[in-house]
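The values are calculated or read from the model by the stated rules, or taken from the named source; none is laboratory data. Predicted model, so just to flag it, every value in this text is computed and none were measured. Here the Cβ positions follow ideal geometry from the backbone for every residue, glycine too, while neighbour counts run over all protein chains shown. For accessibility, only protein heavy atoms count, side chains too; no ligands or nucleic acids. Shrake-Rupley method; radii C 1.70, N 1.55, O 1.52, S 1.80 Å.
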Amino acid sequence: MAVYTLPDLDYDYGALEPYISGQIMQLHHDKHHQTYVTGANTALEKLAEARDKGDLGAVNKLAKDLAFNLGGHINHSVFWKNMSPDGGGRPEGTDLAAAIDEYFGSFEGFQNQFNETAKGLQGSGWSLLAWDVIGQRLNVLQLFDQQGNVPSSQIPVLQLDMWEHAYYLQYQNVKADYVKNWWNVVNWADVEARFTRAKGTAGLI
Ligand code: MN
């Protein structure tokens with residue numbers, strides 16, 4: 001039985017237009033995200049078979065397959081919720097707004113760092129705002145592919161998909177416009193809720 005399943009979107013494919021096209025959203029959710037879900041389940045099944053047979057010769061490959069595909073499933077699950085047709089603006093007068101000021105100096109400082117982190121990615125990956133459980137602070141990080149370059153204990157609160165499949169059909173090579181326009185659909189209520197839950201993990205590590 002499948003462990004992981006594709007979550008529904010909370011909005012229609014075209015609901016984030018004009019900032020993200022319905023065509024991108026449909027392919028991205030139904031095809032790309034589904035592939036990660038299937039891949040994560042397949043990796044778990046093959047690991048179980050390998051244990052049953054007592055043949056763990058493929059364990060390195062399967063561990064990588066699990067990390068990549070489970071990473072893809074987690075990243076997209078957060079990403080869809082991080083966006084809303086009613087999004088945009090910025091957090092104001094909230095704990096998250098205060099934390100962004102504390103750790104990045106200002107909202108503009110945070111946004112500039114996040115944008116450059118996104119645009120500067122070499123290859124496929126994500127720009128990530130994460131709560132660092134051990135440092136009890138917010139970090140902006142580059143996530144390589146679906147699973148690399150981010151230490152464990154960094155809980156994502158806001159993340160932007162910088163894989164070409166996320167923007168190329170609409171923006172072609174103009175990454176900067178995709179990144180700039182994406183802020184118009186950021187669901188700050190969701191980001192705030194994730195931030196609050198992440199802070200509740202104090203002492204976990
Ligand atoms: Mn993607």
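Summary of values
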| quantity | calculated |
| --- | --- |
| Of residues in the range 129-167 being within 17 Å of Val179 (Cβ to Cβ) and of a type in the set (S, T, N, Q), the one farthest from the ligand (Cβ to nearest atom) | Gln142 |
| Which listed residue is over 20 Å from the mean Cα position of the chain (by Cα) and modelled with pLDDT of 95 or more, from Thr38, Thr5, Thr42 | Thr42 |
| Scan of the range 171-192 for residues that are part of a helix (DSSP H, G or I) and either among the acidic types (Asp, Glu) or open to solvent by 40 Å² or more (accessible area, probe 1.4 Å) (or both), ordered by number | Lys175, Ala176, Asp177, Lys180, Asn181, Asn184, Ala189, Asp190, Glu192 |
| Condition broken by Lys61, with the remaining ones in (1) under 19 Å from Glu164 (Cα atoms); (2) without any contact (Cβ under 8 Å) to a residue 60 or more places away in the chain; (3) not β-branched (Val, Ile, Thr) satisfied | (1) |
| Residue under evaluation Ala50, criteria (1) open to solvent by 60 Å² or more (accessible area, probe 1.4 Å); (2) touching a residue at least 12 places away in the same chain (Cβ under 8 Å), criterion not met | (1) |
| Condition met for Thr196 (assigned to a helix (DSSP H, G or I), farther than 17 Å from Gly87 by Cβ and away from the ligand (no atom under 16 Å from the Cβ)) | yes |
| Residue match in the range 108-128 (condition: in a loop (DSSP other than H, G, I, E, B), within 16 Å of the ligand (Cβ to nearest atom) and open to solvent by 50 Å² or more (accessible area, probe 1.4 Å)) | yes |
| Residues satisfying the stated conditions in the range 158-170, i.e. open to solvent by 70 Å² or more (accessible area, probe 1.4 Å) and closer than 24 Å to Gly148 by Cα | Glu164, Tyr168 |
| Residue match in the range 24-34 (condition: open to solvent by 60 Å² or more (accessible area, probe 1.4 Å), at negative phi and β-branched (Val, Ile, Thr)) | no |
| Selected residue (criterion: surrounded by the fewest Cβ atoms within 10 Å (Cβ to Cβ)) from residues of the range 83-107 that are touching a residue at least 24 places away in the same chain (Cβ under 8 Å) and on the phi > 0 side of the Ramachandran plot | Gly89 |
| Every pair of residues 6+ apart whose Cβ atoms lie under 8 Å, when the first sits in the range 141-152 and is in a loop (DSSP other than H, G, I, E, B) while the second is open to solvent by less than 80 Å² (accessible area, probe 1.4 Å) and hydroxyl-bearing (Ser, Thr, Tyr) | Asp145/Ser124; Gln146/Tyr36 |
